[in-house]
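Working notes, beginning with the structure itself.
The values are calculated or read from the model by the stated rules, or taken from the named source; none is laboratory data. For clarity, every value in this text was computed on a predicted model and none was experimentally measured. All Cβ positions, even for glycine, are placed from backbone atoms using ideal geometry, and neighbour counts span all protein chains on display. Note: areas computed on protein heavy atoms with side chains; ligands, DNA, RNA excluded. Shrake-Rupley method; radii C 1.70, N 1.55, O 1.52, S 1.80 Å.
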Amino acid sequence: MGRSEREAVATGARLYEAAQAVVGDHERAVEAVRAALKPICDAAAEQALDAIPVARLKEITEGRLRLGEVERSGLRSVRQVLDAGSYRLRQIPGVGQRTADQAVAAARQIADAVRETITVHIDVDRPEPRTTALIVALHVLVEAGPDARRAVDTAVALSERLGPLLAEARPAAGRLRMLLVGQAKRSRVLEAVAEVRRLTEGATQGGVAELLAQASVDLLRGTPNEVAAWVDFELRSAEYYSLLAEISRRRPDTAAAEGFLPDEVAERVRDQMLDDTHRRVSLRGYQAFGARFALAQRKVILGDEMGLGKTIQAIAALAHLAAEGKSHFMVVCPASVLINWAREVEARSRLRVMPLHGPDRQEAFADWKGRGGVGVTTFDALRGFPAPEGGEVGMLIVDEAHYVKNPKTRRSQAVTEWSGHCERVLFMTGTPMENRVAEFRSLVQILQPHLAEGVGDRDGVAGSKAFRKAVAPVYLRRNQQDVLTELPALQHTDEWEELSASDEDAYREAVRAGNFMAMRRAAYARPEKSAKLNRLREIVEDAAENGLKVVVFSNFRDVLGTVKDTLDGARSNGGGQVFGPISGSVPPARRQQLVDEFAAVPGHAVLVAQIQAAGVGLNMQAASVVIICEPQIKPTIEHQAVARAHRMGQVRSVRVHRLLATRGVDERMVEMLKNKTRLFDAYARRSAVAESTPDAVDVSDTEMARQIVEEEQARLGAVREESAGHP
């Protein structure tokens with residue numbers, strides 16, 4: 001036994017101590033969060049229990065508990081029963097030992113259930129000492145980042161392996177000890193020393209010592225001042241809430257997080273490993289499951305509701321494949337979000353990203369072919385690139401995949417060709433079908449034709465449950481309300497306005513001309529006396545008084561111009577800065593720049609945007625007031641636009657105001673679109689509602705316009721005739 005063995009044991013011991021130190025530092029940081037969280041949860045539980053009447057205790061005991069005397073004594077709530085305890089309850093005349101014990105036991109059962117459901121909402125506008133303490137404690141872990149978590153996981157694994165080995169190898173630390181052990185034990189000691197040496201050499205090659213050392217520095221870094229912590233929370237609230245959910249163990253329902261997939265599919269997805277070596281962001285549980293789903297099922301649709309981080313899940317899947325040795329990936333998306341994709345890949349991973357767009361796209365494509373990385377291109381540009389050879393592309397990602405639901409279009413054909421040459425394909429869309437189940441089936445046809453054949457009209461007739469079961473191997477969808485319990489409230493308000501006389505004249509002219517689009521924007525045709533514009537001004541002024549940011553959406557560029565002119569005029573009287581308009585003619589880079597500038601303004605500002613151009617891909621969580629100038633032809637357009645603000649990372653409640661005019665096109669559209677929304681809810685969302693057949697509620701855009709124009713012409717014609725008959 002020589003010096004080499006003693007050095008191996010000493011090196012292993014130092015590595016073990018470093019690993020133990022990181023685990024301990026992390027545990028202390030987590031415990032600080034729990035300590036800050038406890039008084040907040042206790043206060044929330046007490047408030048909830050105060051609101052639960054004593055009578056609810058009967059439900060727990062199935063009506064066997066008699067509480068008349070307890071209530072007559074003045075104890076009204078479950079919290080008061082808990083505070084009284086069994087001893088004080090027994091002092092009440094007519095309440096015996098058994099009744100007192102049962103009442104307290106039932107109250108504790110309710111209290112436990114209440115604590116399980118408590119969700120902590122952090123109000124950035126009303127910071128108070130308890131939430132400030134929580135933000136400061138969380139900041140340590142958020143600032144340490146994913147590398148610290150990776151270091152902790154590595155440290156735990158090393159500790160579990162090195163601890164027993166070092167105990168077995170301890171005699172090798174000294175010559176005398178080795179001389180005193182028998183031959184059999186000497187052999188085991190040498191085996192342990194060899195394993196310690198192998199582990200430490202592997203750790204050295206993998207840079208583990210540096211990883212552990214940096215993690216300890218990050219976890220022991222002094223807490224920031226409170227103002228800095230709050231500012232960081234506003235910038236990275238999603239990461240704070242993600243950690244909070246993990247530490248508090250108040251995670252969303254497992255079935256909901258897994259999209260209510262059948263057990264056999266969910267089990268296969270859970271077994272899929274997920275390597276985070278090339279990833280720079282932590283994932284929530286449902287996000288990790290989504291990335292695993294894409295990897296395990298190979299060709300799928302991720303249909304999560306807007307705001308749940310589909311892009312992050314896609315990047316996590318790419319990072320895993322890169323760790324397995326894949327080098328080439330392709331993202332296809334609308335031009336409006338190309339820059340956002342490139343920025344997200346760069347920020348969230350260590351993968352090389354290459355935009356393949358614009359006049360130099362062929363040269364960029366050649367560079368991507370040679371060097372690899374994540375190519376990001378548009379649907380139109382993809383048609384100009386040759387389809388890859390089999391196995392060349394590790395994963396093809398198609399964002400806003402509902403753009404390719406029509407198999408006759410050239411972009412659909414290009415995506416279909418590329419999909420056929422890729423082992424893994426991920427379609428991403430928050431609206432996988434808008435009007436017909438058949439349109440959704442066309443997406444499945446591209447990915448897994450054999451499965452699409454099994455999704456027939458009978459699934460539509462059977463309802464949403466049968467439909468979702470039929471497509472489970474290829475389709476995963478989760479809703480915000482199921483998995484983002486901390487998301488602030490979303491308040492929808494339909495602002496019904498009576499048209500002014502001037503508005504009415506403009507509307508009648510549009511109806512006489514049979515111009516559906518002019519009918520939709522007639523309320524803004526004469527700004528000086530526009531009822532909708534007056535209401536919009538009032539909403540913006542209210543937001544300004546409260547320092548809130550506003551996004552104004554319209555389908556029409558001339559309406560946006562009118563809105564901007566009106567608000568710019570108000571600005572000369574002390575109104576906030578107005579950005580935009582963002583429209584389809586604004587280059588993607590400029591769109592993102594406008595959103596960034598809007599977000600950077602302290603306090604109130606307004607962003608004016610065309611709903612089709614800005615309602616997809618651009619994240620506007622700086623805004624907490626959304627104004628929609630007119631109802632949209634498809635309900636999903638409004639859903640997408642609202643989700644630009646009400647999404648993961650939003651820290652304030654979001655108020656949505658939809659401006660509507662009575663007795664006219666708005667009223668007719670709202671009525672007719674209710675059917676489309678019901679269909680969407682039945683098949684794209686988890687819902688018990690299902691129509692007898694998809695076609696029974698479908699109204700095409702052209703048919704809707706024709707029907708409304710004819711009905712309005714008839715209505716206003718009848719009004720004219722009635723007026724003519726009664727001078």
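Taking H as built 1.01 Å from N, whose amide H comes closer than 5 Å to the amide H of Leu607, not counting residues under 5 places away?
Here Val550, Val551, Val552, Phe579 satisfy the definition.
Ordered by residue, what ³J(HN,Hα) values in Hz, to whole numbers, does the stretch 27-40 give under the Karplus form 6.51 cos²θ - 1.76 cosθ + 1.60, where θ = phi - 60° and Gly and Pro are x?
Whole-Hz 3J(HN,Hα) from phi for the stretch 27-40: 4, 5, 5, 5, 5, 5, 5, 4, 5, 6, 6, 4, x, 5.
Count the DSSP beta bridges whose two residues both fall in the chain, then state the antiparallel fraction as a percent rounded to the nearest 5.
Taking every DSSP beta bridge within the chain, about 5 percent pair in antiparallel fashion.
What Kirkwood hydrodynamic radius do you get for the stretch 328-376 when you take the inverse of the mean 1/r over all pairs of distinct Cα atoms, in Å?
10.8
Calculate the translational D of the stretch 366-453 in whole µm² s⁻¹ from Stokes-Einstein, where the hydrodynamic radius comes from the Kirkwood formula applied to all Cα pairs, the temperature is 37 °C and the viscosity 0.692 mPa s.
242
Is it possible to state the helix-based mean residue ellipticity at 222 nm for the chain, with each DSSP H run of 4+ residues giving -39500 (n - 2.57), the sum divided by total residues, to the nearest 500 deg cm²/dmol? What is it?
Calculated from helices alone, the mean residue ellipticity at 222 nm is -18500 deg cm²/dmol.
Roughly speaking, to the nearest percent, how much of the chain's 1.4 Å accessible area is carbon and sulfur?
Carbon and sulfur atoms account for 49 percent of the accessible area of the chain.
Could you give each residue of the stretch 345-355 its phi-based ³J(HN,Hα) in whole Hz, using Karplus coefficients 6.51, -1.76, 1.60 with θ = phi - 60°, and x for Gly or Pro?
For the stretch 345-355, the Karplus-derived couplings read 4, 5, 7, 9, 8, 9, 7, 6, 10, 9, x Hz, x marking Gly and Pro.
Is there a quick way to get the dipole size of the stretch 1-103? I mean about its Cα centre, with the Cβ of Lys and Arg at +1 and of Asp and Glu at -1; what is the value in debye to the nearest 20?
Charge dipole, the stretch 1-103, about its Cα centre: 440 debye, nearest 20.
Once you've got the Cα coordinates, tell me which of Lys405/Lys549; Lys299/Lys405; Lys299/Lys408 are over 25 Å apart.
Distance filter (> 25 Å) returns Lys405/Lys549.
What residues have an amide H closer than 5 Å to that of Ile628, excluding those fewer than 5 places away on the same chain, when H is modeled at 1.01 Å from N in the peptide plane?
Here the answer is Phe553, His657, Arg658, Leu659, since their amide H atoms fall under 5 Å of that of Ile628.
Assuming 0.36 nm per residue, please report the length gained on full extension of the stretch Glu392 to Val217 beyond their Cα-Cα distance.
In short, 58.9 nm is gained.
Rule-of-thumb check for the chain: C-alpha Rg over 2.2 N^0.38 Å? Please report the intermediate quantities before stating the final value.
On the way: Rg = 30.9 Å, N = 727, 2.2 N^0.38 = 26.9 Å.
In units of the 2.2 N^0.38 Å rule of thumb, it is 1.15.
Can you give the Rg to Rh ratio for the stretch 1-159, taking only C-alpha atoms and Rh from Kirkwood?
With Rg and the Kirkwood Rh in hand, the quotient comes to 1.26.
Could you give me the percent of Cα pairs per 5 Å distance bin for the stretch 2-94, shortest bin first, beginning at zero and ending with the bin that holds the maximum distance?
Pairs per bin, as whole percents: 2, 11, 12, 12, 9, 6, 7, 6, 6, 5, 5, 5, 4, 4, 3, 1, 0.
What does the extension gain come out to for Glu71 and Arg249, with contour length at 0.36 nm per residue minus their alpha carbon separation?
Gain on extension, Glu71 to Arg249, equals 60.5 nm.
Roughly how tilted is helix 501-512, in degrees to the nearest 10 and between 0 and 90, from the longest Cα axis of the chain?
With rounding to tens, the tilt is 80 degrees.
Arg383 versus Ala167, label points 7 Å from Cα toward the beta carbon: distance in nm?
For Arg383 paired with Ala167, the spin-label model returns 6.9 nm.
FRET efficiency for Gln413 and Ala256, Cβ-Cβ distance as r, R0 = 51 Å, nearest 0.05?
According to the calculation, E is roughly 0.90.
So what does Glu671 come to for accessible area, using a 1.4 Å probe and Å² rounded to 10?
Answer for Glu671: close to 110 Å² accessible.
Which order do Trp341, Trp496 take when ranked by solvent-accessible area (1.4 Å probe, heavy atoms of all protein chains), largest first?
Trp496, Trp341
Arrange the residues Tyr87, Tyr240 by how much accessible surface each exposes, largest first, with a 1.4 angstrom probe. Don't skip to the answer; put the middle values down first.
On the way: Tyr87 150, Tyr240 0 Å².
The ordering from most to least exposed comes out as Tyr87, Tyr240.
Given Cβ point charges of +1 (Lys, Arg) and -1 (Asp, Glu) and nothing else, what value in debye, to the nearest 20, does the dipole of the chain about its Cα centre take? Display every interim value, and only then the final one.
Details: 98 positive and 99 negative charges, 417 e Å.
Magnitude of the dipole: close to 2000 debye.
Using a 1.4 Å probe, what is the accessible area per residue for the stretch 226-306, in Å²?
For the stretch 226-306, the solvent-accessible area averages 44 Å² per residue.
Val376's amide H: which non-local residues (gap 5+, or another chain) put their own amide H closer than 5 Å, with H modeled 1.01 Å from N in plane and none for Pro or chain starts?
Val331, Met354, Leu356
Report the accessible area of Leu220, computed with a 1.4 Å probe over the heavy atoms of all protein chains in place, in Å² rounded to the nearest 10.
Accessible area of Leu220: about 120 Å².
Note down the accessible area of Asp147, probe 1.4 Å, to the nearest 10 Å².
Taking all protein chains as shown, Asp147 has close to 60 Å².
For the stretch 576-639, what size does the Cα cloud have along each of its three principal axes, sorted from largest down, in whole Å?
34, 25, 16
Short version: ³J(HN,Hα) in whole Hz for each residue of the stretch 149-157, in order, from phi by Karplus 6.51 cos²θ - 1.76 cosθ + 1.60 (θ = phi - 60°), x for Gly and Pro, what are they?
Result, rounded to whole Hz: 5, 4, 5, 5, 4, 5, 5, 4, 4.
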